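Below is one structure, written out as structure tokens, with a few remarks after it.
The values are calculated or read from the model by the stated rules, or taken from the named source; none is laboratory data. Everything numeric here is computed off the predicted structure, so don't read it as measured data. Reconstructed Cβ throughout: ideal geometry from the backbone, glycine too, with neighbour counts over all protein chains shown.
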């Protein structure tokens, strides 16, 4: 197996599926990496060297359509590419004359003390990647005391996930264009004990041009009835969170009218913490804070819904400046290294979410794979904090990074 390197590292797995993409990208090894090829077979998650190696293992483990689903973006997948590539435009400033004998990665987030600034973001129906799905992910989150966000269209209902996690779970919310469905999902999540509701606003109902997924499906000889109910890919109707609800009036997961009155209505409905996921501009950040949201997540859905070519790490400083410390600002999209986590924190993020990496680990090794992904990121974060002379997360600030000459 080859360790993913060079531009393949920027494609989120697409170079591992060359037949799925109309583009041709080079895969030039970095310094010394040619001596690591091929790597010996990996039979245990603890033997994996980095996050992107999990991606290669997931590609081997999954049917083409399932890997294509998690790899795909929109059009040419360039926003998927940009999400990770943009991190390389920021360089970390190293300070030597600092006591780094003790490194503190804890951080308070919404009244809880997190042991690390990393959390597990929402990722679709995870039984497509492993038989235990979200339950394995929840157990991994529990073993690492990590906050987990559960997708509305998860393949496992909130109640058993809460039991497996035994701690903080955030319920991601596709509000839909039927208010009665929105109410039902929020109330069910709150009854189950979710500590926060996370409104997703970056999935407008317009059809997505997911070409990479379409190519993957053409490569997959299986019948969809093997893993989809009634040969349907309509997760808005087959998700356990919608069971027993009248979905006949639902046209999509995100209402077309996401105006301030709608935000006020949702704020009145949600009793606990309410966050919004999908904010990419300072103007939208101002609106969300003004209408009572308790936190914002800078996200473009991993590049899956839009081909704007704007990376989340590039949008982060604008959003953080608009918020000005009034509520936590989180980020997801393109995070593959502990140095990426560090850079996001330096540019204003309170915490950083991972989506695709947790699924790669899950597909490769189940719960142990998710745990290994978490451990790699946290280990790399500690290493770079020492090199940068930042013994605590509070010591990481805007002067910890500079925009590189190539950015």
Note to self: Go through the range 294-309 and report how many residues are out of contact with any helix residue (DSSP H, G or I) (no Cβ under 7 Å at 6 or more places or on another chain) and assigned to a loop (DSSP other than H, G, I, E, B).
What the structure shows: 3
Next item on the list: Test residue 402 against the criterion of being crowded, with 24+ Cβ neighbours inside 10 Å, touching a strand residue (DSSP E or B) at 6+ places or on another chain (Cβ under 8 Å) and more than 21 Å from residue 79 (Cα to Cα), and give yes or no.
Entry: no
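For the range 68-124, which residues satisfy the criterion of being closer than 23 Å to residue 56 by Cβ, assigned to a helix (DSSP H, G or I) and modelled with pLDDT of 90 or more? Steps first, answer last, please.
Initially, the range 68-124 is screened for residues closer than 23 Å to residue 56 by Cβ, giving 68-73, 76-88, 118, 120-121, 123-124.
Filter once more, keeping what is assigned to a helix (DSSP H, G or I): 68-71, 78-88.
Passing the criteria: 83, 84, 85, 86, 87, 88.
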Margin query: Here's a check for you: in the range 310-321, which residue that is in contact with a helix residue (DSSP H, G or I) (Cβ under 6 Å, 6 or more places away or on another chain) and surrounded by fewer than 21 Cβ atoms within 10 Å (Cβ to Cβ) is farthest from residue 91 (Cα to Cα)?
Written below: 318
Note to self: Any residue that is assigned to a loop (DSSP other than H, G, I, E, B), modelled with pLDDT of 70 or more, surrounded by 14 or more Cβ atoms within 10 Å (Cβ to Cβ) and touching a strand residue (DSSP E or B) at 6+ places or on another chain (Cβ under 8 Å) - is there at least one of those in the range 169-191?
What the structure shows: yes
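Tell me the residue from 306, 286, 256 that is over 29 Å from residue 382 (Cβ atoms) and at pLDDT 95 or above, please.
Working: 306 fails: at pLDDT 95 or above; 256 fails: at pLDDT 95 or above.
After ruling out the rest, the residue left standing is 286.
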Check: When residues of the range 232-253 are filtered for being part of a loop (DSSP other than H, G, I, E, B), within 16 Å of residue 188 (Cβ to Cβ) and at pLDDT below 80, how many remain?
Finding: 0
Margin query: Quick check on this structure: which one of 296, 274, 269, 263 is modelled with pLDDT of 95 or more, closer than 21 Å to residue 182 by Cβ, over 22 Å from the mean Cα position of the chain (by Cα) and buried (at least 17 other Cβ atoms within 10 Å of the Cβ)?
Written below: 263
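It is to be established whether one or more residues within the range 325-332 are part of a loop (DSSP other than H, G, I, E, B), touching a strand residue (DSSP E or B) at 6+ places or on another chain (Cβ under 9 Å) and touching a residue at least 60 places away in the same chain (Cβ under 8 Å). Give the derivation first.
Taking the range 325-332 as the starting set, the residues that turn out to be part of a loop (DSSP other than H, G, I, E, B) are 325-328.
Applying the additional criterion that residues be touching a strand residue (DSSP E or B) at 6+ places or on another chain (Cβ under 9 Å) yields 327-328.
This time we only want the ones that are touching a residue at least 60 places away in the same chain (Cβ under 8 Å), so: 328.
Yes - at least one qualifying residue is present in the range 325-332.
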Check: Restricting attention to the range 378-398, which residues are surrounded by 15 or more Cβ atoms within 10 Å (Cβ to Cβ), in contact with a strand residue (DSSP E or B) (Cβ under 6 Å, 6 or more places away or on another chain) and farther than 13 Å from residue 344 by Cα?
Finding: 388
